[in-house]
Amino acid sequence: MPLALLALAVSAFGIGTTEFVMMGLLPNVADDLGTSVPTAGHLVSAYAIGVVLGAPLLTAVGSRIPRKRMLLLLMALFTVGNLASALAPGFGWLIAGRFLAGLPHGAFFGVGAVVAARLVSEERRARAVATMFLGLTVANIIGVPAATLLGQHLGWRATFLVVAAIGLCAMAALARLLPYVPVEAHQGLGRELRALGDRQVLLGLLTAVFGFAGVFAVYSYLSAMTTEVMGFGESSVTPVLALFGIGMTLGALAAGPLTDRALRPTLYGSLGTLAVVLLVFPFAVHVRWAALVTVVLLGGVGFMTTTPLQMLVMNKARHAPTLASASNHSAFNLANAGGAWLGGAAIAAGWGWTSPALVGAALAVAGLAVAAVAGLLDRDRPSPSRIVASADAEARTVRSEVRADAR
């Protein structure tokens, strides 16, 4: 794999850290700024709204900007957003900083996925995309726990200063390791919008909304389940969340080669297995060792859905995949918000702490049903991992530049 993928993974690490760290810092932020924890929870929503709005907007605005420059600009905006969060004088300014930091999230992963796929040969493109996503999963193992501990000991502002520093390091890595990648031939906003309106692309986005919502119906309340159901103390919450991150990483590692080999079967298998794991979850959590194994499995099969879904919308968007690729991350964040809301509604209804798992199972089955319908309606028979956003000659040129840079 080319070193340029390392630069993308470092960037993904920073983005993943800032996305999830707020969940562990809510009490600290609420106490420091004189607000309640539920009100501080709006900081999570502000970031998610930034992702949902920023993914299509920034991708459209930058549709004619060379890909390397676009990624650098997006990472610069991410760094400014985290710096603004660290220096926010009050709660309202912190909301604005979180929103600003979320704006480039979806666009970066959307553009980055297309670039990653163009850096390697056709049969390794899903693995290249999965390698970039590894930075996001490793953030849940190392970045989020470390940043949470830092915020608890030195204050939450220190956390966002460190994340801003990671953003600067990511920019340096992108500038040094990523070759010049031109805009795809004949790409324009109109072409991107038409590609986004493809039936298979829309069904892929809908699959992401339903399927991944099942993961976040449980993950959003995993901390409470750790202490209320599994019987662990509060000090065990961070290790349990790290186990979820380990599962995510294993899922990402497995998803790349499996998607390259058979895209739709990998998607069907991961969604079906996710539904089974979520059905087993309410029973497994009452036995400590089984609970920990199930947490790892949930992270693994949950994240295994992301690579095939990413590749699916990129493939079906054909010659203009960037907007569709970025919109996929808007879909994932809608899934995050929707899953958390439905899981919370089940708990509020008095169904118990483990009820979000059953809600999640139903959502995973719904996602699998949408994916199955899409497969039946699909009249195209392209190679499963083929992205036709660029001509083969152009892809060979980019790969040769990578080899030249490596020398």
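The values are calculated or read from the model by the stated rules, or taken from the named source; none is laboratory data. Keep in mind it's a predicted model, so treat the numbers as computed, not measured. Cβ: placed from backbone, ideal geometry, glycine included. Neighbour counts: every protein chain shown. Side chains included, ligands, DNA and RNA excluded: accessible areas come from the protein's heavy atoms. Shrake-Rupley method; radii C 1.70, N 1.55, O 1.52, S 1.80 Å.
Using Cα pairs closer than 8 Å and at least 6 residues apart in sequence, work out the relative contact order for the stretch 130-277, in percent.
In percent, rounded to a whole number, it is 45.
Once you have the Kirkwood Rh of the stretch 96-164 from its Cα pairs, apply Stokes-Einstein at 4 °C and 1.567 mPa s and quote D in µm²/s.
Here the translational diffusion coefficient equals 93 µm²/s.
Given an 8 Å cut-off on Cα distances and at least 6 residues of separation, report the relative contact order of the chain as a percent.
25
Using a cut-off of 14 Å between beta-carbons, work out the net charge of the residues near Tyr268 (Lys and Arg +1, Asp and Glu -1, Tyr268 not included).
+1
Could you compute Rg(Cα) / (2.2 N^0.38 Å) for the stretch 236-372, with N its residue count?
1.09
Within 10 Å of each candidate Cβ there may be at most 12 other Cβ atoms; applying that plus a DSSP loop requirement, which trypsin sites (Lys or Arg not before Pro) in the stretch 59-126 survive?
Of the trypsin sites (Lys or Arg not before Pro), the ones in loops of the stretch 59-126 whose Cβ has at most 12 other Cβ atoms within 10 Å are Arg64.
Give me the 1.4 Å probe accessible area per residue for the chain, excluding ligands and nucleic acids, in Å².
Roughly 38 Å² per residue, with all protein chains present.
In terms of the Cα gyration tensor, with a ≥ b ≥ c the square roots of its eigenvalues, is the stretch 36-92 rounded because a/c is under 1.5, prolate because a/b exceeds b/c, or oblate?
Taking the square roots of the gyration eigenvalues as a ≥ b ≥ c, the stretch 36-92 is oblate.
For Ser236 and Trp341 in one chain, what is 0.36 nm times their gap in residues minus the Cα-Cα distance, to one decimal in nm?
35.3 nm
For the chain, just list the percent of Cα-Cα distances falling in each 10 Å bin from zero outward, please.
Pairs per bin, as whole percents: 5, 24, 34, 25, 10, 1, 0.
So, in Å, what gap is there between the alpha-carbon centers of the stretch 148-176 and the stretch 1-54?
Here the two parts' Cα centres lie 12 Å apart.
Please compute the length gained on full extension between Gln152 and Asp32, using 0.36 nm multiplied by the number of residues separating them and subtracting their Cα-Cα distance.
Result: 42.1 nm gained on full extension.
What are the extents of the Cα atoms of the stretch 208-284 along their three principal axes, in Å, largest first?
If we take the Cα atoms of the stretch 208-284, the spans are 43, 21, 21 Å.
Using a 1.4 Å probe over the heavy atoms of the protein chains, calculate the carbon and sulfur portion of the accessible area of the stretch 1-124 as a whole percent.
The C+S portion of the solvent-accessible surface of the stretch 1-124 is 71 percent.
For Arg264 and Ser121 in the same chain, what is the full-extension length gain: residue separation times 0.36 nm, less their Cα-Cα distance, in nm?
The Arg264-Ser121 span can extend by a further 49.5 nm.
Given the rule -39500 (n - 2.57) for each run of at least 4 DSSP H residues, summed and divided by the residues of the chain, what is its mean residue ellipticity at 222 nm, to the nearest 500 deg cm²/dmol?
-27000 deg cm²/dmol
For the stretch 197-293, what % of the accessible area comes from carbon and sulfur atoms, probe 1.4 Å?
The C+S portion of the solvent-accessible surface of the stretch 197-293 is 70 percent.
Between Ala348 and Arg69, what is the label-point separation in nm under the 7 Å Cα-to-beta-carbon projection?
It is 4.8 nm.
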